[in-house]
1. Counting only residues that are away from the ligand (no atom under 11 Å from the Cβ) and farther than 20 Å from Thr178 by Cα, how many does segment 122-147 have?
2. In the same structural domain as Val218 (by TED's automatic domain parsing), buried (at least 22 other Cβ atoms within 10 Å of the Cβ) and assigned to a loop (DSSP other than H, G, I, E, B): is that true of Thr35 in this structure?
3. Residues in segment 186-204: is at least one within 12 Å of the ligand (Cβ to nearest atom), free of Cβ contacts under 8 Å to residues at least 40 places away in the same chain and outside any strand (DSSP E or B)?
4. Limited to segment 77-94, what total is found for residues that are surrounded by 17 or more Cβ atoms within 10 Å (Cβ to Cβ) and more than 14 Å from the chain's Cα centre (by Cα)?
5. Sort out which residues of segment 104-129 are buried (at least 22 other Cβ atoms within 10 Å of the Cβ) and of a type outside the set (A, V, I, L, M, F, W, C), and write them in order of number.
6. Residue by residue through segment 50-103, note down the ones that are on the phi > 0 side of the Ramachandran plot and within 16 Å of the ligand (Cβ to nearest atom).
7. Mind checking whether some residue in segment 187-208 is over 16 Å from the mean Cα position of the chain (by Cα) and buried (at least 18 other Cβ atoms within 10 Å of the Cβ)?
8. In segment 25-47, how many are away from the ligand (no atom under 16 Å from the Cβ) and either aliphatic (A, V, I, L, M) or free of Cβ contacts under 8 Å to residues at least 24 places away in the same chain (or both)?
Amino acid sequence: MEIIIHGTGTMGKILKETAEQSKNFTVTGFADELTNEKGDIIIDFSHFSRISSLLEFAEVKNLPVILATTGYSEEIFERIKKASQKIPILLSSNMSLGINLMQEILSRIVPVLYENYDIEIVETHHSKKIDSPSGTAKTLAEVIERNCREILKRQYGREGNNPREKKEIGIHSLRGGTVVGEHSVFFYGNDEIFEIKHTALSKKIFAEGALKATEFLVKQKAGLYSMKDIF
Ligand SMILES: NC(=O)c1ccc[n+]([C@@H]2O[C@H](COP(=O)([O-])OP(=O)(O)OC[C@H]3O[C@@H](n4cnc5c(N)ncnc54)[C@H](OP(=O)(O)O)[C@@H]3O)[C@@H](O)[C@H]2O)c1
């Protein structure tokens, strides 16, 4: 399969190296701005400011897109949904198998636990990460919200003299060093703590997940897909 990589940063380079080590893929494009690249699919690990021009290119060339970039606004999300009426798009804030399984586990246990446990999400990333909280932490919060019968308020960080409210999800971001990515969901109960944790030890897991997703997406018709669809 011929892949065009959009985004030449850390993840773009790892993806290129991983794809070139496999006989199933040929990298036919590697750029921060696509102009006339040809291939079967685009994989994007770039910057949210680049998404609109990327989608224009993909629509004109009628190419499927794996969108792995995080940090985009509601407005860009609407643009992505519109483009997905014309081309297949797979959107995932975390391409790793483990994080996607974590979402599956949450969707099963949150309905059982949320009434009696306080839920807090803690994510840690390297000091150079731009967006906080991480796209994955936001996705985990969405999964939790979808699986509660009542609305929980999102509390980003804590400061001041207010105690925790019962109906909230705490979301906390730690930044430092070279941490690839850690996500924990804590369920604090009376006299017990239950934690689900995923640690990414290398960014290669995201590249491998993205390549796995290409095999699925090239066979699909126009629409908006997630990693859940491929497992
Ligand atoms: N879905 C997943 O599983 C997953 C996993 C890891 C990372 N990500 C996301 O993928 C994206 C790329 O990650 P990365 O670690 O490769 O980041 P990075 O090293 O900073 O690379 C970002 C790339 O986008 C380009 N870019 C274009 N416009 C930019 C702007 N206005 N500001 C900053 N960069 C701009 C950069 O070009 P220059 O170098 O010329 O600035 C660079 O090539 C991020 O959104 C990250 O959160 C997703």
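1. Adding up the residues that qualify gives 9.
2. Working: in the same structural domain as Val218 (by TED's automatic domain parsing): yes; buried (at least 22 other Cβ atoms within 10 Å of the Cβ): no; assigned to a loop (DSSP other than H, G, I, E, B): yes.
Judged against the criteria, Thr35 is not a match.
3. Within segment 186-204 (the criterion being within 12 Å of the ligand (Cβ to nearest atom), free of Cβ contacts under 8 Å to residues at least 40 places away in the same chain and outside any strand (DSSP E or B)), the answer is yes, since at least one residue qualifies.
4. First, the residues of segment 77-94 that are surrounded by 17 or more Cβ atoms within 10 Å (Cβ to Cβ): 80, 83-84, 87-94.
This time we only want the ones that are more than 14 Å from the chain's Cα centre (by Cα), so: 80, 83-84, 87-88.
Here the count works out to 5.
5. Glu123, His125
6. First, pick out the residues of segment 50-103 that are on the phi > 0 side of the Ramachandran plot: 62, 71.
The one that is on the phi > 0 side of the Ramachandran plot and within 16 Å of the ligand (Cβ to nearest atom): Gly71.
7. yes
8. Kept after step one, since they are away from the ligand (no atom under 16 Å from the Cβ), are these residues of segment 25-47: 25-26, 28, 36, 38-40.
Now narrow it down to the ones that are either aliphatic (A, V, I, L, M) or free of Cβ contacts under 8 Å to residues at least 24 places away in the same chain (or both): 36.
The qualifying residues number 1.
The values are calculated or read from the model by the stated rules, or taken from the named source; none is laboratory data. All values reported here derive from a predicted model rather than from experimental measurement. Here Cβ is always computed from backbone atoms with ideal geometry, including for glycine, and neighbour counts include all displayed protein chains.
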